[in-house]
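Below you'll find the structure, written out as structure tokens, and then a few comments.
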Amino acid sequence: MTALLIALGVVIVVVVLAALVLRARARRTPGPPLGAPPSPPATVERPPPEPESALAPPAPVLAPEPVLAPEPETGPPTYRSRLGNVRGIFSGAVSALRGGKVDAATWESLEEALIRADVGVHTTDVLLKGLRARVDAREISGGDDILAALGDEIRALLDVPYSRQLRFDGLPDTVDVWLVVGVNGVGKTTTIGKLARQQSAAGRSVLLAAGDTFRAAAADQLGMWAERSGVEIVRGAEGGDPSAVVFDAVQRAAARGNDLVLADTAGRLHTKLNLIEELKKIRRIADRGPGSVTEVLLVLDATTGQNALAQAKQFTEAVEVTGIVLTKLDGTAKGGIVVAVQRELGLPVKVVGLGEGPDDLVAFDPDAFVDALLGLD
Amino acid sequence: MFDSLSDRLERISTRLRGKGRISEADLDEALGDIRTALLEADVELTVARRFCDGIRLRVSAEALSRSLTPGQQVIRAVHEELVGVLGGESLKISYASRPPTVVLLWWKQQGRNPILVGADLQRPAAVEQLRVLGGQAGVTVFSEATDPVAVARAGVEEARRLGKDICIIDTAGRLTIDADLMEEIRGISATVEPHYTFLVIDAMIGQDAVATAKAFHETLALDAVILSKLDGDARGGAALSVKGVVGKPIAFASTGERLGDFDLFHPDRMADRILGMGDVLSLIEQADRTMDRDEVAQGAARLMQGQFTLDDFLSQLRQVKKMGSLGGLMKLIPGMSKEMRQAAGQIDDGEVARVEAIVCSMTPDERGDVSLLDGSRRSRIARGSGTTVPEVNALLKQFKEMQKMMKGMASGNMPNIPGMGAMGGLGGLGGRAGRKLAAQGAGAGAADFDMLSQLMGDSGDFPTDASPFPGLPAPGAPRPMVSGNKGTKKKKKGGRVTPPKNR
């Protein structure tokens, strides 16, 4: 009630002031007398429509020649072989720097490359500021040097003092639980399917927990992955409590001697407080008894822009994310936002998704990532 | 996390304060800030650049003819450009292809009879998901395990056979560089010749939005875009990017996971969202559209005389009510502290009716003199208005505060408004208005909408406590002018020289 009244007061005062001003104008202009229909609200005459060219599509971003479909894979893909598909899309901007001199255009094209890769304005500024200082101090000169130095700086930002390996303790009498979280439609379930296959291929006994009880047929989707990779799955009722599903999975894993539970969760926006609370509960439950949460993987879609930072922040605050899975990196998006995520939150990218095939989940390779980011070969 | 565009605009406005006109350098700096804000909202780089060019054009075109302050010019140009880019044609729809499943509920509500065709044979259980959703919405779902093109063709035939009037085809998600899949979707499109093709774009998408939209547009000739996940905190600059590059309108927006969280897209709301700002201009437009000027002015006059009664309160309240939801209005006022803005979001307009009821339950005497209200009268009022005594007390307490504030204004001091924080947007506003009006003397100067908007736009700049209020002229009433301010008619307005109006 009080807030309402204060708000009312404020609005009334504003309206009264507006009235004063309106009144002043009405008195000044001989025009419509008071009581006449109010003159139309202040509008600004639009400048004549801009020439069509101003709104014409920008210079094509895509390479003119169609990208060829990848050759049939033999064995798991490497990071580079997949990224090769999109290489060269932006390379024009940056590769032109090679061997060239450093001038204003250089900085602009570097900035452009970084921003287009979703690195973000702030991180881009930080990176380029450092670089500028070094150029001014004549430590480096020439396009090649600058590109190399920029690559080094990004790699330095991405550097982690610890391993990017997924943590698996494998202690006796405990079950490692990897929790996979993220917003909707980023590829959580697919990631789990691929992880299940890889982990069981690596000789671990994996159990899947279909913790996405909300999305229609999400458990079916995971079930198909379980079938494909020959692992077991624990499912709950649709619309049921996801914590219960995870709890059951851990219990069952402990009873049957599984080493690792991969727990799927329903996609949720980081702004939905109740769903975030639900996630916290899932994590608490998973950590109970024989279960021990050793990884909380946040799945980020490479096409996501600056919002990924907000996602990473919220999820980390809620469930202590331990690593990032960057999916859909085989498209045209560069996923540059993970540079900012790692820089601001210290969350390392652990694995990347490079396609829809079961083996298209590979370890993160900072070198290849940086090269792709800058459009280098 | 990020400065919103509105924060930046406010800073620009501060910086440009006191300048008669915008220099090239000022504009460059302002545009740099705007560009940064756009990029942080994930507007694509090329689009952001073009947007800034558009603003430059607008500002330089306006500079000659407008009496806005430079800061206001920039803000207004941004707003117009934004609405200009986002707005435009809307889409009339009868048939469609390419996702999403949620559309159908909307169509059901529109009294149509749709069928869903599951042509996403790629992702495990995608058809299952569609069937479940179809079940929830009570809509037929068709699919078969052949290939997507065949499913689509069969689906359309099935639709015809069953006499369905809308056939919605769900297709597999694909990355634009996957030539095979792009060829496949082209095949589907060529086979069923959809009347409408929608591209679903995630509101969180970054710079890649344009590449994606362009590639699909080149392959399929899109008709419109559907923006999903608008319920998150992403600014959704992608909307701007896609509109700017592909030139196709955004037809629908999805704002949640339930089937009902889906509606037509409103460009104006999106503009607000990207701006993230209190919108002074629409507040003023709203005021002008709805207010009964005489009544409000009368209230203003009494206010300035320090005789603000509950009757005045009631009439102002009714004026405000006409302008729309209180929470919405609060959001339009700039300089509001974050907490206030949040509180504004939670205001229930039903409460306003309760307040009105309380005041209406008083006798005219009581409204004129609050001190009459003793315990028994208060309980009578509570009963009469269907409220409780504490509520009546709260109202009276707040009203007394307000009265004090108004008295303060009349006597030249702008007291702190509770909840407005150190920013004291309104205090600043008052101070500014006071100065401005005093300088112009008896409202003879060029006070008008533009001025009001400039007052309000600049409001955040003034410390609340230090704002003198040297006599606000009360139009159409004895003016409680502070001596010395009379006869300032000829005095040039200090600091900012605004060219004469030529509307």
The pairs in A:K313/B:K248; A:K328/B:K164; A:K334/B:K214; A:K313/A:K350 lying past 27 Å Cα-Cα in this model are A:K313/B:K248; A:K328/B:K164
Show me A:254-263, B:167-176 ranked by packing, highest mean number of other Cβ atoms within 10 Å first. B:167-176, A:254-263
Count, for each residue of A:323-331, the Cβ atoms from other chains sitting within 10 Å of its Cβ, then give me the mean as a whole number. 2
Nearest 5 is fine: what % of DSSP beta bridges in the stretch B:103-266 come out antiparallel, could you say? 15 percent
Partner shielding of B:40-47, taken as the mean number of other chain Cβ atoms within 10 Å, equals 5
The stretch A:277-377 - share of DSSP beta bridges that are antiparallel (%, nearest 5): 25 percent
Under a plain spin-label model, where a point goes 7 Å from the Cα along Cα-to-Cβ, how far apart in nm are A:D159 and A:A201? 3.2 nm
Least to most buried among B:F399, A:F315, by other C-beta atoms within 10 Å and fewest first, runs B:F399, A:F315
Taking amide H atoms as placed 1.01 Å from N in the peptide plane, list the residues 5 or more away in sequence, or in a different chain, whose amide H sits under 5 Å from that of A:V175. A:G291, A:S292
Please give the average number of partner chain Cβ atoms lying within 10 Å of the Cβ of each residue in B:123-133, rounded to a whole number. 6
How do A:F168, B:F252 rank when sorted from fewest to most other Cβ atoms within 10 Å of their own Cβ? A:F168, B:F252
Using a basic spin-label model with each label point 7 Å from the Cα along Cα→Cβ, how many nm lie between A:D367 and A:E227? 4.2 nm
How large is ³J(HN,Hα) for each residue in the stretch B:157-173, as worked out from phi by the Karplus curve 6.51 cos²θ - 1.76 cosθ + 1.60 (θ = phi - 60°), to whole Hz, x for Gly and Pro? 5, 4, 4, 5, 4, 7, x, 7, 9, 9, 10, 10, 9, 8, 10, 5, x
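FYI, it's all coordinate maths here, none of it is from the lab. Everything quoted here is computed from the prediction, not taken from an experiment. Backbone-built Cβ (ideal geometry, glycine too); neighbour counts: all protein chains shown.
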